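Undergrad: Next up is a structure, given as structure tokens.
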Amino acid sequence: MLKTAVQEQLLPGDTLQAKWEFAQEAGYDAIELRGQGDLHFASRLDELRQARKDGVVMPTVCVDMLHFFGAFDADLRRDAIDQMKSQLTVIAEIGGRGAQTPASYGMFSRRLPPFEPPRSEAEDREVLLTGLAELGEHAREEGVTLFLEPLNRYEDHMVNRLEQAADLIRATGLDSIRIGIDSYHMNIEEADPAAAILAHADVIGHAQVSDSNRFQPGAGHLDWPAWLGALHTIGYDGHLALECRLTGDPVEAVRSVPAFLKRSGA
């Protein structure tokens, strides 16, 4: 049976310990943390160490910043890489598995005016490979994994499908980089999401879940049995981390997900 996690901001409670109590009662196996910029995640290290001591399971952190390692501006790229390296170090210090980031978010889309980005595809690739190499080496040194998340075409113009992420990861030659898949983005970009999972099984390392409309699983039309079945087939043993908006009563929405995923095949 696949394990479930839930991002910390979705949980009721003022502390990680209180959030964990609710998460366990609802049927989750872990909490996914959020890593803000300006070294905020590193500033939480004492809090995270205490939470770990108190039994809170925190295997992964998902970046929550305004710019990323694929930014057009060199200074923003440098800052994003430094922030991600810090997050990888912190998640390693609390015994976690790794950190997830997209190449960019909201920076540019070829599907919205003005359509043509200020950097060529070749330049994009060079920037991404340079950033991934540095981050992947740092992850390797820390004993954790960097999860590269493909986003849909309206949120990023560079890495939209699993095949694109897989190509970049294989080009680095680093086992410390894997794809962090997201069911919502895959629903938009993949002609056959289950087939994409099967095709790139060797480089999938983490999974985030939300439905076709970005709400909690069960609130949209995503084919969960097929998607979850593909993860079963490839032997995925990580968590399904809930990253979504919520419709209906927020507490009950969060509470509903583990049971829904179990009914759907997880």
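Undergrad: Identify which of Leu88, Leu168, Leu240 has the largest mean-square fluctuation in a Gaussian network model of the chain, with springs joining Cα atoms closer than 10 Å.
TA: Comparing Leu88, Leu168, Leu240 in the GNM, the peak value goes to Leu168.
Undergrad: Now for a separate question. Taking θ = phi - 60°, what integer Hz values does the Karplus form 6.51 cos²θ - 1.76 cosθ + 1.60 yield along the stretch 112-117, in sequence order, with x for Gly and Pro?
TA: 10, x, x, 6, 9, x
Undergrad: What is the mean projected area of the alpha carbon convex hull for the chain, to one decimal in square nanometres?
TA: Working: hull surface 52.8 nm².
Averaged projected hull area, Cα only: 13.2 nm².
Undergrad: Please list, in order along the stretch 180-190, the HN-Hα scalar couplings obtained from phi with the Karplus expression 6.51 cos²θ - 1.76 cosθ + 1.60 (θ = phi - 60°), rounded to whole Hz, x for Gly and Pro.
TA: For the stretch 180-190, the Karplus curve yields x, 7, 9, 4, 5, 5, 5, 4, 7, 9, 8 Hz.
Undergrad: Compute, for the chain, the length of the dipole vector about the Cα centre, with Cβ point charges of +1 (Lys, Arg) and -1 (Asp, Glu) only. Units Debye, rounded to 20. Intermediate values should be presented prior to the final figure.
TA: Values: 25 positive and 42 negative charges, 91 e Å.
Using Cβ point charges on Lys, Arg, Asp and Glu, the chain gives about 440 debye.
Undergrad: Given H placed 1.01 Å from N in the peptide plane, which residues other than close sequence neighbours of Thr247 have an amide H under 5 Å from its amide H?
TA: So Thr247 has HN proximity to Gln216.
Undergrad: Still on this structure: Placing unit charges on C-beta atoms (Lys and Arg positive, Asp and Glu negative, everything else neutral), compute the dipole magnitude of the stretch 135-266 about its Cα centre in debye, rounded to 20.
TA: So the dipole magnitude of the stretch 135-266 works out to roughly 360 debye.
Undergrad: Moving on. Restricting everything to alpha-carbon atoms, can you work out Rg to Rh for the stretch 1-133 with a Kirkwood hydrodynamic radius?
TA: Taking Rh as the inverse mean 1/r over Cα pairs, Rg/Rh reads 1.06.
Undergrad: Calculated from DSSP H runs of 4 or more alone, at -39500 (n - 2.57) each and per residue, what is the 222 nm mean residue ellipticity of the chain, nearest 500? Can you show the working numbers first?
TA: Working: 10 runs with 117 residues, N = 266.
When only DSSP H runs of four or more count, the value is -13500 deg cm²/dmol.
Undergrad: Distance between Cα centroids, the stretch 79-110 to the stretch 143-218: provide it in whole Å.
TA: 15
Undergrad: Amide H to amide H, which residues 5 or more places from Asp182 or on other chains are under 5 Å from it, using H placed in the peptide plane?
TA: Long-range HN contacts for Asp182: Gln208.
Undergrad: Follow-up. Once the dipole of the chain is set up with Lys and Arg at +1 and Asp and Glu at -1 on Cβ about the Cα centre, which of Asn187, Met84, Cys62 lies farthest towards its positive end?
TA: Asn187
Undergrad: Applying the Karplus parametrisation 6.51 cos²θ - 1.76 cosθ + 1.60 with θ = phi - 60° to the phi angles of the stretch 224-236, what ³J(HN,Hα) value in whole Hz is obtained for each residue in order, glycine and proline being reported as x?
TA: Values per residue, Gly and Pro as x: 5, x, 5, 5, 5, x, 5, 5, 4, 4, 7, x, 4 Hz.
Undergrad: Pull out a ≥ b ≥ c, the square roots of the eigenvalues of the alpha-carbon gyration tensor of the stretch 1-43, then state rounded if a/c is under 1.5, prolate if not and a/b is larger than b/c, and oblate in the remaining case. Kindly include the intermediate steps, with their values, before the conclusion.
TA: Numbers: a/c = 3.10, a/b = 1.68, b/c = 1.85.
It is oblate, given that a/c is not under 1.5 and a/b is not larger than b/c.
Undergrad: Might you tell me the accessible area per residue for the chain, computed with a 1.4 Å probe and given in Å²?
TA: Per-residue accessible area for the chain comes out at 42 Å².
Undergrad: In addition: Once Lys and Arg get +1 and Asp and Glu get -1 on their Cβ, which of Cys244, Leu135, Ala171 lies farthest toward the positive end of the dipole of the chain?
TA: My answer, from the dipole projection, is Cys244.
Undergrad: Provide Rg over Rh for the stretch 65-119; use the alpha carbon set for both Rg and the Kirkwood Rh (inverse mean inverse pair distance). It would help to have the intermediate numbers written out before the result.
TA: Working: Rg = 13.9 Å, Rh = 12.6 Å.
The Rg/Rh ratio comes out at 1.10.
Undergrad: Counting residues in the stretch 173-266 as N, plug N into 2.2 N^0.38 Å and put the Cα Rg over that result.
TA: In units of the globular-protein estimate, the stretch 173-266 measures up at 1.06.
The values are calculated or read from the model by the stated rules, or taken from the named source; none is laboratory data. If you're wondering where the values come from, they're calculated on a predicted model, not measured in any experiment. No Cβ is skipped: glycine too gets one built from the backbone with ideal geometry, and neighbour counts run over all protein chains shown. Surface accessibility is based on the protein's heavy atoms, side chains included, excluding ligands, DNA and RNA. Shrake-Rupley method; radii C 1.70, N 1.55, O 1.52, S 1.80 Å.
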